[in-house]
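First the structure, in the form of structure tokens, and then the observations on it.
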Amino acid sequence: VVSVEDLVTFPSVDSDNQMLSFGFFKSGFSLEDNSTTCTFSSIFPVAGDISLHGGMLCLDTDMIFQNVTRMNTSGYFWGNSHMLDFCESVTSFPASSDTTLKDTKLFLNSDLNVNGIVVVKGDCTINGRKNRVRFGSGGHIILKPGATLRLKNVELDGVIENSLWCEDDSASLYLDSMRWAQDAD
């Protein structure tokens, strides 16, 4: 049965937080704090206010953000090789909390501002769909040991010396049909 949900806050005390197959989260959702985990298994897109508060969101299916979605706070996206599709209204990773992408295929539908730290683990892709990723003054993408990041159909803007880096030589960065605009050494 389809369930249309108002804004839902998932509590940290529950170890089985889930957005099930026929749940339509049209008003958004929130994770209580950085110890909260939640699994997304819905076939419907998500819209509204999204606040991860540093918690972990595990994808069992592709997650598509529909207009109008506002990402208020970020957290840990464990993609399980699924797609995280940002709509036109998602234009930044909030600087208020670090963002971690693990085994995630991120697709953009507008330019994305990186104002805080984005950590990459596992095998990740950022497909810009011909949009830009812009680094703000505190914006960094850091590849953890053994991580792989594919930048595809994207333009990187505002790149300075430590905007994008690998923690060690076991990480890999692949550039595919993209443009890199270096602003400084």
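The values are calculated or read from the model by the stated rules, or taken from the named source; none is laboratory data. Values in this document were obtained by computation on a predicted structure and should not be read as measured data. All Cβ positions, even for glycine, are placed from backbone atoms using ideal geometry, and neighbour counts span all protein chains on display. Quick note on the areas: whole protein, heavy atoms, side chains included, nothing else; ligands and nucleic acids left out. Shrake-Rupley method; radii C 1.70, N 1.55, O 1.52, S 1.80 Å.
Observations on the structure shown:
- Once region 136-164 is narrowed to residues that are under 17 Å from Leu108 (Cβ atoms) and under 15 Å from the mean Cα position of the chain (by Cα), the residue that is surrounded by the most Cβ atoms within 10 Å (Cβ to Cβ) is Ile141.
- Neighbours by Cβ (under 9 Å, 6+ apart or cross-chain): first from region 1-16, closer than 16 Å to Leu52 by Cα; second open to solvent by 100 Å² or more (accessible area, probe 1.4 Å): Ser12/Asn34
- Selected residue (only one of Asp98, Asp103 is under 12 Å from the mean Cα position of the chain (by Cα) and at positive phi): Asp103
Each row is one residue, and each column tells you yes or no for (1) out of contact with any strand residue (DSSP E or B) (no Cβ under 6 Å at 6 or more places or on another chain); (2) of a type in the set (A, V, I, L, M); (3) at pLDDT 95 or above.
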{"position": "Ser42", "(1), (2), (3)": "no, no, yes"}
{"position": "Val46", "(1), (2), (3)": "no, yes, yes"}
{"position": "Ile64", "(1), (2), (3)": "no, yes, yes"}
{"position": "Ser92", "(1), (2), (3)": "no, no, no"}
{"position": "Ser96", "(1), (2), (3)": "no, no, no"}
{"position": "Thr100", "(1), (2), (3)": "no, no, yes"}
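- Pair list, Cβ under 6 Å, 6 or more apart: region 54-68 residue of a type in the set (Gly, Ala, Ser), other residue modelled with pLDDT of 95 or more and surrounded by fewer than 18 Cβ atoms within 10 Å (Cβ to Cβ): Gly54/Asn34; Gly55/Asn34
- A search for C-beta distances below 9 Å between a residue of region 164-185 that is in a loop (DSSP other than H, G, I, E, B) and of a type in the set (D, E, K, R) and any residue that is open to solvent by 60 Å² or more (accessible area, probe 1.4 Å) and modelled with pLDDT under 95, counting only pairs 6+ apart in sequence or on different chains, returns Asp183/Ile160; Asp185/Ile160; Asp185/Glu161.
- Hey, Glu155 assigned to a loop (DSSP other than H, G, I, E, B) and among the acidic types (Asp, Glu) or not: no
- Figure legend. Inter-residue proximity from region 98-110: first residues closer than 15 Å to Asn131 by Cβ, second residues open to solvent by less than 20 Å² (accessible area, probe 1.4 Å) and of a type in the set (Phe, Trp, Tyr), beta-carbon distance below 9 Å, spacing 6+ or different chains. Indicated pairs: Leu106/Phe77; Leu106/Phe86; Phe107/Phe86; Leu108/Phe86; Asn109/Phe65; Asn109/Phe86; Ser110/Phe86.
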